[in-house]
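Peer 1: Handing you a structure now.
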Amino acid sequence: MSRSIETLCVHGDSHKFHDGMDSLSMPIYQTAAFGHPDLGHSPDRFYYTRLSNPTRTHLEETVSSLEGAAGTVAFSSGMAAITAVFELFQPGDRIVCSEDLYGGTVLLFDSIEKKNGLELALVDTAQPALVEAAMTPETKAIYIETPSNPMMNVTDIAACAAIAKKYGALLIVDNTFLSPYLQNPIALGADIVVHSGTKYLGGHNDTISGFVCLADKDRCERLQKIAYTLGATLSPFDSWLMIRGIKTLPIRMERAQENALAIALWLKEQPQVRKVYYVGLPEHPGYAVNAKQSRGAGGMLSFTVDSSETALRILDKVKLITFAESLGGPETLITFPATQTHADVSPEDREKLGITDSFLRMSIGLENAQDLITDLKQAMEP
Ligand SMILES: Cc1ncc(COP(=O)(O)O)c(C=O)c1O
């Protein structure tokens, strides 16, 4: 029987983990190792938790079912997941990637992947013609975020998948901002999907984790080996927290995006606000592409205000909203990307992208929308 995404979030693919106890909550197999029955007969699947563990496997199967993936590997952080993906490549390989990416990914490219011999070409992936123009015989992958962090630029996933296929490259999509509830890149032709599970999948601002979901089973096996060789796999307890978080992903995403739209519409009307970047607003340049390839606009938005003084005043005066730099949890957060999430991007690149000192990013949470607006209103007042 095929299951809808709401049902998959609650039950996973298999309804119950068959340990003979019929527990509703997946047990936490808090063990480093499992006994071997006798010499030459290792237990079928589990013998050492860095390699595999029943709690983590149940989580990985659940995430695979949400993303329509052949397999998933759960990591100790989103950055560990992205690092492992780049281990699939060889020195001399070239990756074409969005110029607007999460700052940690930029730092990974600059400080580690370049040293490892990967070449990077940064382009505005919102324009497929520029992606195609950047492709060379050495290009082994296209790496995108859509909507991107923090400018909310939208990239056409199917168009990039077609370009990647034409040039024999992989398409890798960071799907953190919309989560599998709102967007499934593999169905649009992507080969690899990455997530910071710390965000919407975990959903409670209490666990760091990451995922790599793969369309191809053999590549998934390669990635599993990379993960356990690096020792970056997710612990049993954190796996359980993720399983618990995912159960409410659909209702959390619905509420966050309902609140985000209300706040985006309110922000647009404020005299101190110069521009609102929310992919759910019809005037957003990526609105049509996002509507075509996803089931919603999510809970992330950014905006610019009239001066850096106004931006700093908002950060200083918010009471209900927290000045902090994560996203995807129940609590609404406001971030100053120039010195927080994107501090590792060079000042010239930040200026070019629009990450100025009057630019703010918000992760809209699950509170009452009117309470959030009241807080923003008092914070904006001089
Ligand atoms: C889009 C995106 N990808 C990846 C990451 C890295 O995830 P983590 O902090 O779980 O390592 C983040 C973190 O903010 C992010 O926003």
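Peer 1: Consider residue 200 carefully, then state whether it is under 26 Å from residue 11 (Cβ atoms) and within 11 Å of the ligand (Cβ to nearest atom).
Peer 2: When the stated conditions are applied, residue 200 passes them.
Peer 1: In addition: Among the residues in the range 134-145, are any away from the ligand (no atom under 12 Å from the Cβ), under 19 Å from residue 288 (Cα atoms), modelled with pLDDT of 95 or more and not in a helix (DSSP H, G or I)?
Peer 2: no
Peer 1: Residues that are closer than 17 Å to residue 245 by Cα, touching a strand residue (DSSP E or B) at 6+ places or on another chain (Cβ under 6 Å) and not charged (D, E, K, R): which helices (runs of 4 or more DSSP H) entirely in the range 1-101 hold 3 or more of them?
Peer 2: Those helices (runs of 4 or more DSSP H) span 54-67.
Peer 1: Shifting gears a bit: For the range 239-280, enumerate the residues that are without any contact (Cβ under 8 Å) to a residue 24 or more places away in the chain and buried (at least 17 other Cβ atoms within 10 Å of the Cβ).
Peer 2: 280
Peer 1: List pairs: first in the range 196-211 and in contact (Cβ under 8 Å) with a residue 24 or more places away in the chain, second more than 9 Å from the ligand (Cβ to nearest atom) and among the polar types (S, T, N, Q), Cβ under 6 Å, 6+ apart or cross-chain?
Peer 2: Cβ pairs passing all conditions: 200/179; 211/72.
Peer 1: Of all the residues that make up the range 287-322, how many are surrounded by 22 or more Cβ atoms within 10 Å (Cβ to Cβ) and part of a loop (DSSP other than H, G, I, E, B)?
Peer 2: Total meeting the criteria: 5.
Peer 1: Also: Condition check: more than 9 Å from the ligand (Cβ to nearest atom) and surrounded by fewer than 22 Cβ atoms within 10 Å (Cβ to Cβ). Does residue 188 satisfy that?
Peer 2: For residue 188, the condition - more than 9 Å from the ligand (Cβ to nearest atom) and surrounded by fewer than 22 Cβ atoms within 10 Å (Cβ to Cβ) - is met.
The values are calculated or read from the model by the stated rules, or taken from the named source; none is laboratory data. Since the model is a prediction, treat every value here as computed from it, not as a measurement. Virtual Cβ from ideal backbone geometry, glycine too; neighbours counted across all protein chains shown.
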